[in-house]
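The values are calculated or read from the model by the stated rules, or taken from the named source; none is laboratory data. All figures in this text were calculated on a predicted structure; none of them were measured in a lab. For neighbour counting, all protein chains shown are included, and Cβ atoms are generated from backbone atoms with ideal geometry for every residue, glycine included.
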Amino acid sequence: MKKVYIHSAVTISAQDTFDSDGFLNEIKGLSGKTVAARYPNYKDYITPANLRRMAEGVKMGVSAASKALKDAEITQPDAIITGTGMGCIDDTEKFLNAIISNDEQFLTPTAFIQSTHNTVGAQIALGLKCKAYNNTYSQAALSFEWALMDAQLLLQQEEAENVLVGGYEELGKEIISYRRMMEDADGLGIQVPYSEGASFFVVSSEKTEHSVELIDMEVYSSISTESIQDSLKQFLTKNDVDLSEIDVFISGRNGDVFDSYYDLTAELFENITQLHYKHLSGEFYTASPFGLWAAYEILYRQEIPEAMIFKGEIKSDNHIILLYNQFKGRDHSFILLKR
Amino acid sequence: MGVAITGMGIISAIGHSVEENKTSLLASKTGIGDLRHIQTNHSQAIKVGEVSLSNAELTRQLQLPEVHNYTRTGLLGLLAATAALENANIPDCSTYRTGFISSTTVGGMDMTEKYIKQFDKDITAQKYIATHHAGDSTRKIADALRIHGLVTTISTACSSAANAIMLGTRLIKAGKLDRVVVGGTDALSKFTINGFKTLMIQSDSLCAPFDAHRNGLNLGEAAAYLVLESDAVVQKEKKEVLAYLSGYGNANDAFHQTASSENGEGAFLAMQKALKTAKLNPNQIDYIIAHGTATTNNDLSESRALERIFDKQIPDFSSTKSLTGHTLAAAGVVEAVFSILALQEQYIFPNLNFKTPMPETGLKPITSGVKKEIQHVLSNSFGFGGNCSTLIFSKA
Amino acid sequence: MADLRQELKEKIIEQLNLEEFTVADIADDDALFGDGLGLDSIDALELIVMMDKDYGIQLTDPKEGKEIFKSIAVLADYITDNRAK
């Protein structure tokens, strides 16, 4: 079975992560109910003729995908796989509101056409004229992870050599405000703003000087707090990795009551460097690839940003990173990286 | 031989069970008619393939509590997925590593479009804020079936369920799962009715796939699921195999956000890949259940792709969308169930409402049901965004 | 007529988000589709709705649009002859 390597990692987020050559050196503190991403100059990546119909999520997705391919020096991937929890919610709301406010009259097609979940994958394929395998996942906080698992499967089974994989989310206006309203009504809700972003990666079966190995990953629709530790142990045993070999643990803490899952997991380690990122990225269904991007950069640069420290101290020589994310006690994912 | 299919379940406009769907198919009975469950200004101007049961009736049939937050997409899906597991004689999903892969385009839109303007104040409406996203119905169904591990949703427009079936097959082949329930569900919604109206590809009469004078599609709603099992499980449990999923292919047309290319390149590539994974020659395909939406663009593009793959020796083909309507995300699995029924019954289902071949190709689908020896059925599903997928089913 | 042509140019730029164009960039006889303004089949559908909403002209077949949307001049003539509002 072929191994899987990450060749490039790109993220557009609420931080200066896309245009900057630095690595989370200057942090923007996030506050409020929702925070928009820091949008790049889209015209560098997308022609005006194509830009005119695109909502934010599509623009972010296509730009991030384009840069991920460029960084990996790939012109035609063997597959394009995306993940998104809410899909193109901006155009969805736009078309729905047009239906309601115009009483189903004088509706135009553009927002409807652009509202399907696969719009980003399709626009990337169109731009590249890429006729290869193309798929889109939408499973809440596992949307990106499923895209990555599909890529892993294609590479392991030698059905592809280079796969473009990414996740994207746009805030939209209405449903996000209601989701926030419900969240705030719950006293134990998330303690970070809702946000948005796009993260893309080129994964490959070929090892290069700059690549980071994706040892393995696992996803679970549900796990009880009683069995989370055993699930992690089983995952590590399956991959012949001992708990003591893991240098850094990156969790998807967002301050809600379900952070207990991360606490329970962290208990298994002694003196490990614990990092978190949702205070930097905000929470959204595809926030977890921000964590993966950061993990790739940590291993590649051998540098840990101060702002990511949750507990423990920064050590040198970091080789194995474990990422763990879940949302509301559902949709758990473990990702194990090595360099 | 491929991956074994050991169970199936379906609810569509032509029946609420596999048996009822089979009866309608054999009797050439269409389920397309007037819209009943949705309030829209366009109800007189369209024909739809609607499931006759109301949400309340579905709730009762599923023995759910009266107050719940299942969307119609979720209700239809739960009914079909439960039936598929029953059909496969699987009372307990914890015995083997079991996954659930569903698909949908609209997700919880049927409730969102009803209640969005009440979300701010109405407490009874607020339970639908969290049900909009595509993963909601999938998660509810998986929880009800007690499937806790690999659970996901694919959303590639009208090829979604074909891709769900494909992923399940690949996970079994790779040894990552022993069993997987695969398929999709989509409810009719005002959103999609108006959306297709803006594209001017919705017919005001019964759709006529592949006809020269075809004037658009009829939307439909449905849910259907298959149970796939590894050879090891089939042997150990001495399972009866309904059919095998022997070939699959996924490609992108990379031509236009909604329209298909003139020469059907994406469709051609998907069929080519499917034949390759099935290790079959084109002349071994006995029957094709075409995507055949009855839009001007799709049917010509698909016809061109068929001509290219089969070199003018095109096998018997028909579009069953003239019976069920176009069920969007579910179309791929609805037609998978029909492919399996075709193999079991050794019968080709009719393409209704066809009169005149299109001048560009002269192709004629099968217009009345007929007995035939069938070993391999090819089924096409194409979607917006150029997503093209093909599945091949082979006789058990 | 000149007013209508001006009005159509403004509407098309706004409705189709042609940010990189100004009214001065579009000549009355420029091709709207293909090599000219570069509009496509989705834009044609947008224009069909504009014809209905703003001028009371209903086109039922997108193919009819092909001739009518040839250029601003042709479009303005067609609207003048057929408008209901």
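Remarks
- Selection within the stretch B:324-363 - free of Cβ contacts under 8 Å to residues at least 60 places away in the same chain and either in a loop (DSSP other than H, G, I, E, B) or basic (K, R) (or both): B:Q346, B:G362
- Looking across the stretch B:167-196 at every residue that is over 30 Å from B:A45 (Cα atoms) and part of a helix (DSSP H, G or I), the one that is farthest from the chain's Cα centre (by Cα) is identified as B:K173.
- Filter result (surrounded by fewer than 21 Cβ atoms within 10 Å (Cβ to Cβ) and either aliphatic (A, V, I, L, M) or in the same structural domain as B:L323 (by TED's automatic domain parsing) (or both)) within the stretch B:47-99: B:L53, B:A56, B:L58, B:L62, B:L64, B:V67
For every residue, the table says whether it meets (1) part of a helix (DSSP H, G or I); (2) within 14 Å of another protein chain (Cβ to nearest Cβ); (3) among the hydrophobic types (A, V, I, L, M, F, W, C).
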residue: B:L58; (1), (2), (3): yes, no, yes
residue: B:L79; (1), (2), (3): yes, no, yes
residue: B:K117; (1), (2), (3): yes, yes, no
residue: B:A125; (1), (2), (3): yes, yes, yes
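For every residue, the table says whether it meets (1) over 24 Å from B:R214 (Cβ atoms); (2) within 14 Å of chain A (Cβ to nearest Cβ); (3) in a loop (DSSP other than H, G, I, E, B); (4) of a type in the set (D, E, K, R).
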residue: C:E7; (1), (2), (3), (4): yes, no, no, yes
residue: C:D28; (1), (2), (3), (4): yes, no, yes, yes
residue: C:I42; (1), (2), (3), (4): no, yes, no, no
residue: C:I57; (1), (2), (3), (4): yes, yes, yes, no
residue: C:V74; (1), (2), (3), (4): yes, no, no, no
residue: C:D81; (1), (2), (3), (4): yes, no, no, yes
residue: C:K85; (1), (2), (3), (4): yes, yes, yes, yes
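- Residues located in the stretch B:293-323, provided they are in contact with a Pro (Cβ under 7 Å, 6 or more places away or on another chain) and in a helix (DSSP H, G or I): B:D299, B:I309, B:F310, B:K321, B:S322
- Selected residue (only one of B:A212, B:A232, B:A274 is crowded, with 21+ Cβ neighbours inside 10 Å and either in contact (Cβ under 8 Å) with a residue 12 or more places away in the chain or within 10 Å of another protein chain (Cβ to nearest Cβ) (or both)): B:A274
- Total residues in the stretch B:262-292 satisfying the condition of being in a helix (DSSP H, G or I) and of a type in the set (S, T, N, Q): the figure is 4.
- Looking only at residues of the stretch A:114-144 that are within 7 Å of chain B (Cβ to nearest Cβ), part of a loop (DSSP other than H, G, I, E, B) and of a type in the set (G, A, S), we find that the one that is farthest from A:I74 (Cα to Cα) is A:S138.
- Residue selected from the stretch B:104-114 under the condition within 10 Å of chain A (Cβ to nearest Cβ) and in a helix (DSSP H, G or I), by the criterion nearest to the chain's Cα centre (by Cα): B:M109
- Count of the stretch B:252-269 residues, restricted to those that are touching a strand residue (DSSP E or B) at 6+ places or on another chain (Cβ under 9 Å), within 10 Å of chain A (Cβ to nearest Cβ) and either modelled with pLDDT under 95 or more than 22 Å from C:S41 (Cβ to Cβ) (or both), is 1.
Residue-wise test of (1) of a type in the set (S, T, N, Q); (2) touching a strand residue (DSSP E or B) at 6+ places or on another chain (Cβ under 6 Å); (3) assigned by TED's automatic domain parsing to the domain that holds A:W146; (4) more than 27 Å from B:A157 (Cα to Cα).
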residue: A:F18; (1), (2), (3), (4): no, yes, yes, yes
residue: A:N25; (1), (2), (3), (4): yes, no, yes, yes
residue: A:P48; (1), (2), (3), (4): no, no, yes, no
residue: A:V58; (1), (2), (3), (4): no, no, yes, no
residue: A:S63; (1), (2), (3), (4): yes, no, yes, no
residue: A:Q76; (1), (2), (3), (4): yes, no, yes, no
residue: A:S101; (1), (2), (3), (4): yes, no, yes, no
residue: A:A111; (1), (2), (3), (4): no, no, yes, no
residue: A:V120; (1), (2), (3), (4): no, yes, yes, no
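- For the residues B:S137, B:S160, the requirement of being touching a residue at least 24 places away in the same chain (Cβ under 8 Å), part of a helix (DSSP H, G or I), more than 9 Å from chain A (Cβ to nearest Cβ) and buried (at least 20 other Cβ atoms within 10 Å of the Cβ) singles out B:S137.
- Residue list for the stretch A:156-178, restricted to those being part of a helix (DSSP H, G or I) and either more than 11 Å from chain B (Cβ to nearest Cβ) or surrounded by fewer than 21 Cβ atoms within 10 Å (Cβ to Cβ) (or both): A:Q156, A:E174, A:S177, A:Y178
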